[in-house]
Each structure stands twice: as C-alpha cells, then as structure tokens.
Amino acid sequence: MPPADITIADLAALHARCFTHPRPWSAAEIEDMASLPGAFLLVRPNAFLIGRTAADEAELLTLAVEPSARRQGLGRTLVDEFDAVARVRGAARGFLEVASDNAAAQALYAGAGWARTGRRRDYYGAGIDALTMGKSLERSP
C-alpha cells in the first residue's frame with residue numbers, strides 16, 4: 001500500500017491525469033492490482049508504478065508520472081527501481097505493454113534497455129495497439 005500521506009484515491013486521481021484511453025484505472029482497480037500475489041507498488045511524489053513478479057518473470061503493470069513532472073528523470077528512476085525489485089524477487093525477465101501512440105513512454109522504456117517484442121492489435125481500443133516490450137533482468141557477469 002502507499003505511504004500514509006498518499007491514498008489509493010490520490011493514486012487513482014494521478015492515473016486519471018496521465019491516461020485517457022481506454023480509461024484510467026479506478027481506485028478499486030489500483031487497489032486490486034496492488035494486492036495481486038507478487039505485486040509491488042513504488043510511490044514517489046508525483047509518480048507511482050505497479051509491478052508484479054511470478055516465478056522468474058516480472059510485469060510492469062502501470063507507470064504514472066504527473067504531466068507537469070515529466071522529463072525530469074522520475075519515470076526512469078521508477079523503471080530502474082522496478083528492475084531492481086524484480087531481480088531481488090528472482091525475476092530473470094521483465095515484460096510490459098505500452099500504447100502504440102505513446103512515443104514518450106516507448107522512448108523511456110527503450111532508453112532503460114527494453115526492446116519491442118510484439119504488437120497486440122486494438123488492445124487499447126480501435127486503432128490503438130499495445131506494443132509488447134521485454135528486458136532481461138539478469139546481471140551481466
């Protein structure tokens with residue numbers, strides 16, 4: 001759960017300011033996602049990430065950064081922390097979906113070492129595909 005000074009409702013409001021399609025997650029959905037087995041929530045002022053691990057895989061479920069706080073390294077910090085938490089939990093590989101029309105997020109993930117692995121047609125609604133991306137989380141010797 002988030003720190004005491006940030007509520008699930010605060011996270012849902014932030015998510016709503018960040019995502020318009022297909023729709024932002026509700027407070028109940030954020031709470032449900034953060035409560036999944038293996039889930040973890042990383043919260044910073046103006047941003048949060050929900051991830052989860054299962055066996056040797058980690059999934060980045062959502063990353064929300066306040067629009068006015070973007071391009072300051074906050075998203076990258078959370079993505080790097082996702083990698084570290086996932087490794088500690090035994091994940092060897094990470095995966096995520098990102099909207100095909102979200103060039104900024106695609107650039108963020110690519111800059112953090114994620115590579116495109118596929119496409120899911122109309123995943124976010126008519127004409128908005130999900131690009132699947134993956135990353136090895138194993139440390140190089």
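Quick notes on this structure:
- The phi torsions of segment 115-132, fed into the Karplus equation with coefficients 6.51, -1.76 and 1.60 and a -60° offset, translate into couplings of 10, 5, 10, x, 9, 10, 4, 6, 4, 9, x, 4, x, 10, 7, 9, 8, 8 Hz, rounded to whole numbers, with Gly and Pro shown as x.
- Extension gain, residue 123-residue 77: 0.36 nm per intervening residue step, less the Cα-Cα distance, totals 13.9 nm.
- Multiplying the residue separation of residue 9 and residue 66 by 0.36 nm and subtracting their alpha-carbon distance yields 19.1 nm.
- Restricting the calculation to alpha carbons of segment 8-136 gives Rg and Dmax of 13.8, 38 angstrom.
Each reported figure results from applying straightforward, stated rules to the coordinates on display, with no laboratory input. Note that this is a predicted model, so its numbers are computed, not measured.
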